[in-house]
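Only one structure is covered here, and it is reproduced in the block below.
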There are 2 protein chains.
Amino acid sequence: MIMEKGISSVEVLPSKSSQVTAVKVVVKEPETKQTQRGKRVGFVLVHAGAGYHSESKAKEYKHVCKRACQKAIEKLQAGALATDAVTAALIELEDSPFTNAGMGSNLNLLGEIECDASIMDGKSLNFGAVGALSGIKNPVSVANRLLCEGQKGKLSAGRIPPCFLVGEGAFRWAVDHGIPACPPGIMATRFSLAAFKRNKRKLELAERVETDLIQLKKRRQSNEKGSRVMCRTCGRPSKANDGSRGGDQIELYSLENDSGTLDTVGAVVVDQEGNVAAAVSSGGLALKHPGRVGQAALYGCGCWAENTGAHTPYSTAVSTSGCGEHLVRTILARECSCALQTEDAHQALLETMQNKFIGSPFLASEDGVLGGVIVLRSCRCSAEPELSQEKPTLLVEFLWSHTTESMCVGYMSAQDGKAKTHISRLPPGAVAGQSVAIEGGVCRLESPES
Amino acid sequence: MIMEKGISSVEVLPSKSSQVTAVKVVVKEPETKQTQRGKRVGFVLVHAGAGYHSESKAKEYKHVCKRACQKAIEKLQAGALATDAVTAALIELEDSPFTNAGMGSNLNLLGEIECDASIMDGKSLNFGAVGALSGIKNPVSVANRLLCEGQKGKLSAGRIPPCFLVGEGAFRWAVDHGIPACPPGIMATRFSLAAFKRNKRKLELAERVETDLIQLKKRRQSNEKGSRVMCRTCGRPSKANDGSRGGDQIELYSLENDSGTLDTVGAVVVDQEGNVAAAVSSGGLALKHPGRVGQAALYGCGCWAENTGAHTPYSTAVSTSGCGEHLVRTILARECSCALQTEDAHQALLETMQNKFIGSPFLASEDGVLGGVIVLRSCRCSAEPELSQEKPTLLVEFLWSHTTESMCVGYMSAQDGKAKTHISRLPPGAVAGQSVAIEGGVCRLESPES
């Protein structure tokens, strides 16, 4: 088994759009080889959010990524499948009070925690998801259980089992299936409650400024008898011309969504049989409207996993993070998976992030497009093609890419003693929301002796 | 303006899979031309569900499709945009007690109505959706309002407006935005309550049979000391070998989801400026688990609308109906839209239904794949290219396709006095879930005098 974090050079590429700066990190091919026979193999890549990670927080984020990798690898070593391993990684990430998933999630407008999570199995192509779920410590467990129950076939009386449940119904289903309820007070942490109070105060101030501006505008309009701008769709008076519905002054009171609390978490795994799985979990945006569901719950948007098939030479697994609405509109997880079927994984991912995300016509009206992805693709091949006796190995390419300031990742193979972690950052001068960072590596896994 | 329902021949095509029989209905090019200048133009195509429509119910379904078309055209004639017109059509379809959307929706396991709906605007590419929404008479109105509010830019304090809300949170948002609450008792109809009681009785019987079978099996297993089959993913004892978790006998107690109550409704519209919009609304499966969200709420799955752009020569609008889980896994609305960018719309849709729906690897484990779509695509062109003085016209191609027994559609242009309706059926011998019916027509709309 060989593994190497393949960062060897950074270059700034000219891009098609003047708004986009691409940072390319060349992935080195591994140069050494150490085979360890007779062990279970597999690989995991996790992330603790695409957003902004200060140096002071970096240590804790790296630590939780390391633990998440270890949990997944323990599962793989015990012979568990990719879906079980990816769930184990997610549970560790959800349990951290520092990430915006499970415990310590962002609070919504009413001060409640509502989580989104989903999981996809590359072998069966089944999917399980929960949205706006309260009162369950590990939302990913419910998503995984939905996936598992869905694989058992129809329910009694020919009913189709659900793959996506939301709100109170999702909570009831989880409890009915033996997943314990968790009192809401336990999931909110000192950090999340303090952030909620700060955000609420900012919101009150912003709304006060907005009210003042509206009144000022009304007075001006009645003086000038100016015509009102109507909304293109509903015909009601539009606030669009006010910028952020209250002018630039309100930007001073922007919430903390862009400074570390955007930390949706995710993981991608390949097991010893070459099956891939992906999962994602998120507490959503700070002060979101109750009932708001983001990309982490949505098919094709939060995660994607697809084993190699008739039309897919590679197995691929993807998990996304960032601004939910941006990731939804671009169906980014599936888009990345499709792109990764071409030969050069690095180039395919870079082009997808540039053209299908930052440059997407679906996000043309956005000032900046914030997101990040972790991807993994694998295929069976011979390590030394000239040695026909050699057992085929599993070639795993893993990459992460983000348009946010930074992204914290960890990765590990079943033969490693411990996980490697890394905080990827945009280079100095690159603008978050308009530039892309991309890094990754390659790992060869030799099939275990049967 | 010319319009003609272009069914001229039916042929059974050999297909790649022996399971698939394709029914091709050749669409005739229009042969006559009657221009009406100075009027607002536009076109609407609606459907009242892909499922099974008995002759006795056909009249009412056609009637509601006709009314829905008229409502949309009235909006277009009043100068409304495509999103307003498509919403007006959907409201009419939701208000019918015969369709499974809004009023008269299927009841869930607890006897409640929970609706899904979504809308997409081809011009702005914005999207609005609600899932598992109770207590609102017209779920599509809330989806449209979410779309509209989303177009106004950020909320105070830089918050991103939600595009997808579920459950109680969606209800609160709707009421806060002036959409009146509707007592649940009003939305359930005599028909839906009677169906609920019949289905509940069937479920009780099925569960009783299932319990008996499980006990019988346990006794056999303890006698034979047979090994238990474990679930591939969760490791718990699997019921997969029981067929529908209770053997074939339970199929006798199948619910009424396959006999008319699968009637998700939808509409696609193109307005006089060539802007497209699509919408979908559904009460979901009968006796679904509370909180279950189906394709009608999900981005890319329930509806899609995309104006012509740099990479899209045609404007396209799609709305889907059928088994939610099948439509979700194949992201069918977006898949159809992408396919419709090739030259032959009919062939593109047929191939999509055959290869990306019935033949999808994502549905490989399904016995039958049930769904239907209505699609519309338009492009600007000159009706008589040799006459350079002639005003450019809007060429609208409209198609419907289904793998269900039947599908009820209606269509109308702004110049028509009344809508045309049609119940499309699979030909005799074709198997629902394995065969495709496809029909449609072409319509030329001349731009109004400015």
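The values are calculated or read from the model by the stated rules, or taken from the named source; none is laboratory data. From a predicted model like this one, the values you see are computed outputs, not experimental measurements. Every residue, glycine among them, receives a Cβ derived from its backbone with ideal geometry; neighbour counts consider all protein chains shown. Ligands, DNA and RNA are excluded from the accessible area calculation, which covers all protein heavy atoms including side chains. Shrake-Rupley method; radii C 1.70, N 1.55, O 1.52, S 1.80 Å.
Of all residues being β-branched (Val, Ile, Thr) and at pLDDT 95 or above in the stretch B:343-373, which is surrounded by the fewest Cβ atoms within 10 Å (Cβ to Cβ)? Just the residue, please. Talk me through it step by step, then tell me what you get.
In the first step, residues of the stretch B:343-373 are kept if they are β-branched (Val, Ile, Thr); the result is B:352, B:358, B:369, B:373.
Then drop every residue that is not at pLDDT 95 or above, which leaves B:352, B:358, B:373.
Details: B:THR352: 25, B:ILE358: 27, B:VAL373: 31.
Checked the stretch B:343-373; the qualifying residue surrounded by the fewest Cβ atoms within 10 Å (Cβ to Cβ) is B:THR352.
Evaluate the stretch B:6-29: report whether one residue or more is touching a helix residue (DSSP H, G or I) at 6+ places or on another chain (Cβ under 7 Å), at pLDDT 95 or above and closer than 22 Å to B:GLY371 by Cα.
Checked against the condition, which is being touching a helix residue (DSSP H, G or I) at 6+ places or on another chain (Cβ under 7 Å), at pLDDT 95 or above and closer than 22 Å to B:GLY371 by Cα, the stretch B:6-29 yields no hits at all.
Determine if the stretch B:42-57 includes at least one residue that is part of a helix (DSSP H, G or I), in contact with a helix residue (DSSP H, G or I) (Cβ under 7 Å, 6 or more places away or on another chain) and of a type outside the set (Phe, Trp, Tyr). Give the derivation first.
First, the residues of the stretch B:42-57 that are part of a helix (DSSP H, G or I): B:55-57.
Okay, now just the ones that are also in contact with a helix residue (DSSP H, G or I) (Cβ under 7 Å, 6 or more places away or on another chain), so none.
Within the stretch B:42-57, none of the residues are part of a helix (DSSP H, G or I), in contact with a helix residue (DSSP H, G or I) (Cβ under 7 Å, 6 or more places away or on another chain) and of a type outside the set (Phe, Trp, Tyr).
So which residues in the stretch A:416-429 are within 18 Å of A:VAL373 (Cα to Cα) and out of contact with any Cys (no Cβ under 6 Å at 6 or more places or on another chain)?
Of everything in the stretch A:416-429, those that are within 18 Å of A:VAL373 (Cα to Cα) and out of contact with any Cys (no Cβ under 6 Å at 6 or more places or on another chain) turn out to be A:LYS420, A:HIS422, A:SER424, A:ARG425, A:LEU426, A:PRO427.
Anything in the stretch B:345-373 that is part of a helix (DSSP H, G or I), in contact (Cβ under 8 Å) with a residue 60 or more places away in the chain and within 13 Å of chain A (Cβ to nearest Cβ)? List them, or say none.
B:ASN355
Test A:GLY102 against the criterion of being in a loop (DSSP other than H, G, I, E, B), open to solvent by less than 10 Å² (accessible area, probe 1.4 Å) and modelled with pLDDT of 95 or more, and give yes or no. Even if it seems obvious, please write down each step before you answer.
Values: in a loop (DSSP other than H, G, I, E, B): yes; open to solvent by less than 10 Å² (accessible area, probe 1.4 Å): yes; modelled with pLDDT of 95 or more: yes.
Spelling it out, A:GLY102 is indeed in a loop (DSSP other than H, G, I, E, B), open to solvent by less than 10 Å² (accessible area, probe 1.4 Å) and modelled with pLDDT of 95 or more.
Can you find, within the stretch A:288-324, the residue that is farthest from the chain's Cα centre (by Cα) among those that are facing chain B (nearest Cβ under 9 Å) and surrounded by fewer than 24 Cβ atoms within 10 Å (Cβ to Cβ)?
A:ALA310
From B:GLU112, B:GLU92, B:GLU74, grab the single residue that is more than 10 Å from chain A (Cβ to nearest Cβ), more than 18 Å from B:ILE179 (Cα to Cα) and open to solvent by 10 Å² or more (accessible area, probe 1.4 Å). Even if it seems obvious, please write down each step before you answer.
Working: B:GLU112 fails: more than 10 Å from chain A (Cβ to nearest Cβ); B:GLU92 fails: more than 18 Å from B:ILE179 (Cα to Cα).
Being more than 10 Å from chain A (Cβ to nearest Cβ), more than 18 Å from B:ILE179 (Cα to Cα) and open to solvent by 10 Å² or more (accessible area, probe 1.4 Å) holds for just one of B:GLU112, B:GLU92, B:GLU74, which is B:GLU74.
Among the residues of the stretch A:53-70, how many are crowded, with 21+ Cβ neighbours inside 10 Å and either of a type in the set (D, E, K, R) or modelled with pLDDT under 95 (or both)? I'd like the intermediate steps shown before the answer.
Here is the first cut: in the stretch A:53-70, the ones crowded, with 21+ Cβ neighbours inside 10 Å are A:53, A:61, A:64-65, A:68-69.
Subsequent filtering for residues that are either of a type in the set (D, E, K, R) or modelled with pLDDT under 95 (or both) retains A:53, A:61.
The qualifying residues number 2.
Just checking, which of B:GLU114, B:GLU74 is of a type in the set (Asp, Glu) and within 23 Å of B:ASN199 (Cβ to Cβ)?
Values: B:GLU74 fails: within 23 Å of B:ASN199 (Cβ to Cβ).
Exactly one residue qualifies, and that residue is B:GLU114.
Provide a single number: the residues in the stretch A:325-338 that are closer than 24 Å to A:GLN272 by Cα and either open to solvent by 10 Å² or more (accessible area, probe 1.4 Å) or free of Cβ contacts under 8 Å to residues at least 40 places away in the same chain (or both).
Filtering the stretch A:325-338 down to residues closer than 24 Å to A:GLN272 by Cα leaves A:333-334, A:336-338.
In the following step, the residues that additionally are either open to solvent by 10 Å² or more (accessible area, probe 1.4 Å) or free of Cβ contacts under 8 Å to residues at least 40 places away in the same chain (or both) were identified as A:334, A:336-338.
The total comes to 4.
Applying the selection to the stretch A:121-143, what residues are within 10 Å of another protein chain (Cβ to nearest Cβ) and charged (D, E, K, R)?
A:ASP121, A:LYS123, listed by residue number.
Considering each of B:LEU93, B:LEU133 in turn, give the residue that is under 30 Å from B:ASP416 (Cα atoms) and modelled with pLDDT of 95 or more. Spell out how you get there, then give the answer.
Details: B:LEU133 fails: under 30 Å from B:ASP416 (Cα atoms).
The conditions single out B:LEU93.
State whether the residues of the stretch B:191-207 include one that is open to solvent by 20 Å² or more (accessible area, probe 1.4 Å), modelled with pLDDT under 90, at the interface with another protein chain (Cβ under 9 Å from one of its Cβ atoms) and over 29 Å from the mean Cα position of the chain (by Cα).
Checked against the condition, which is being open to solvent by 20 Å² or more (accessible area, probe 1.4 Å), modelled with pLDDT under 90, at the interface with another protein chain (Cβ under 9 Å from one of its Cβ atoms) and over 29 Å from the mean Cα position of the chain (by Cα), the stretch B:191-207 yields at least one hit.
Which of the residues that make up the stretch B:298-324 are touching a residue at least 40 places away in the same chain (Cβ under 8 Å), outside any strand (DSSP E or B) and closer than 15 Å to B:GLY266 by Cα?
Kept after step one, since they are touching a residue at least 40 places away in the same chain (Cβ under 8 Å), are these residues of the stretch B:298-324: B:298-299, B:302-308, B:313-324.
So of that shortlist, the ones also outside any strand (DSSP E or B) come out as B:298-299, B:302, B:307-308, B:313-314, B:323-324.
Once the filter is applied, which keeps residues that are touching a residue at least 40 places away in the same chain (Cβ under 8 Å), outside any strand (DSSP E or B) and closer than 15 Å to B:GLY266 by Cα, the stretch B:298-324 yields B:LEU298, B:TYR299, B:GLY302, B:CYS323, B:GLY324.
Just to be sure before I move on: is B:ASN144 open to solvent by less than 20 Å² (accessible area, probe 1.4 Å) and modelled with pLDDT of 95 or more in the structure I sent? Quick ask: steps written out before the conclusion?
On the way: open to solvent by less than 20 Å² (accessible area, probe 1.4 Å): yes; modelled with pLDDT of 95 or more: yes.
Considered against the rule, which asks whether it is open to solvent by less than 20 Å² (accessible area, probe 1.4 Å) and modelled with pLDDT of 95 or more, B:ASN144 comes out as yes.
Taking A:LEU376 as the residue in question, decide whether it is in a strand (DSSP E or B), at pLDDT 90 or above and either open to solvent by 20 Å² or more (accessible area, probe 1.4 Å) or not basic (Lys, Arg) (or both). Give the derivation first.
Numbers: in a strand (DSSP E or B): yes; at pLDDT 90 or above: yes; either open to solvent by 20 Å² or more (accessible area, probe 1.4 Å) or not basic (Lys, Arg) (or both): yes.
Yes, satisfied.
Hey, can you tell me all the residues within the stretch A:176-190 that are under 26 Å from the mean Cα position of the chain (by Cα) and over 19 Å from A:LEU109 (Cα atoms)?
Selection gives A:ILE179, A:PRO180, A:ALA181, A:CYS182.
If B:ASP176 meets every condition in (1) more than 7 Å from chain A (Cβ to nearest Cβ); (2) open to solvent by 20 Å² or more (accessible area, probe 1.4 Å); (3) in contact (Cβ under 8 Å) with a residue 12 or more places away in the chain apart from one, which number is that one?
It fails just one condition, (3).
Restricting attention to the stretch B:144-167, and to residues there that are in contact (Cβ under 8 Å) with a residue 12 or more places away in the chain and in a helix (DSSP H, G or I), which single residue is farthest from the other protein chains (Cβ to nearest Cβ)?
Quick first cut of the stretch B:144-167, residues in contact (Cβ under 8 Å) with a residue 12 or more places away in the chain only: B:144-151, B:161-167.
Then keep just the ones that are in a helix (DSSP H, G or I); that gives B:144-150, B:167.
Details: B:ASN144: 7, B:ARG145: 7, B:LEU146: 10, B:LEU147: 6, B:CYS148: 4, B:GLU149: 8, B:GLY150: 8, B:GLY167: 3 Å.
In this case the residue turns out to be B:LEU146.
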